[in-house]
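Some notes on the structure that comes next.
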Amino acid sequence: MIKKIRINKRLRIVLWVLVAWIIAHVIFITIQGLLDYKGSADVAVILGNRVFADGTMSSWLKGRVDKALELYKEKRIRKIYASGGISQNPEGDYPEGNAMKEYLVKHGVPAEDVIADNEGKNTFCTAEDYLKWNAKEKYQSVIVVSQFYHITRSEYIFRKLGATNVYHVSSDVYSWRDIPGTLREVPAFYKYVLLY
């Protein structure tokens, strides 16, 4: 009986420590993600999100693309690397990189200043693809553009794979989905630490 009480007490302590760690991690990634970089860089990398069958971007993705467009119009970046996978839709698939490029060109960005990457099915693939492309281009700095809660993991993987001078800005679009998205980032970050 005494042994069982000790085990239960230890288990409760472990659970409280775990909960405290998750809360601390959520606070950290939220604060870091909301503190946008105010300077300039060579390239903005937009991390993909859902695109509908007709090429229309989800509000989350449009918010990211609009942020990169803002950086370009303010002359804070020279190139935009639009990276995503192929959105799976019942009515037909659509390449996320293409959708972002089409939108940016339509809004005044010269086509030669937008690189569409449709192989960036996750953050790791985007970082890897960007670094392969940049091995020839030799740009020195990058601004990652995503949702606020996704910034910590994105910057981590870009740096781990060898990018230098990595900064970030986050989308101005928020929704209730940010809550589960933020919580999901805790295990996702440690998955990246362990697997990549």
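Read-outs throughout are calculated quantities, based only on the coordinates presented, and are distinct from any laboratory measurement. This is a predicted model, so every value here is computed, not measured. Note that each Cβ is placed from the backbone with ideal geometry, even for glycine, and that neighbours are counted across all protein chains shown.
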> So for Arg184, Arg76, fewest C-beta neighbours within 10 Å to most, what's the order?
Replying inline: Arg184, Arg76
>> Quick check: pseudo-label points 7 Å beyond the Cα along Cα→Cβ at Val193 and Leu35, how many nm apart are they?
In response: 1.9 nm
>> What are the extents of the Cα atoms of the range 119-158 along their three principal axes, in Å, largest first?
In response: 31, 21, 13
>> Counting other beta carbons within 10 Å of each residue's own, what order do Glu128, Glu119 fall into, fewest first?
In response: Glu119, Glu128
> Just the C-alpha atoms of the chain: what Rg/Rh do they give, with Rh taken as the Kirkwood radius?
Replying inline: 1.07
> Mind checking which of Glu112, Glu96, Glu70 has the largest fluctuation in a GNM of the chain, springs on alpha carbons under 10 Å?
Replying inline: Glu112
> Between Arg177 and Lys121, what is the spin-label point distance in nm, taking each point 7 Å from the Cα along the Cα→C-beta axis?
Replying inline: 2.0 nm
> If each residue's Cβ is checked for other Cβ atoms within 10 Å, how do His107, His25, His150, His168 rank with the fewest at the top?
Replying inline: His107, His25, His168, His150
> Mean residue ellipticity at 222 nm from the helices of the chain, using -39,500 (n - 2.57) per DSSP H segment of n ≥ 4 over the full residue count, to the nearest 500 deg cm²/dmol?
Replying inline: -17500 deg cm²/dmol
> What pairs from Lys138/Lys191; Lys79/Lys160; Lys106/Lys160 go past 27 Å between their alpha carbons?
Replying inline: Lys138/Lys191; Lys106/Lys160
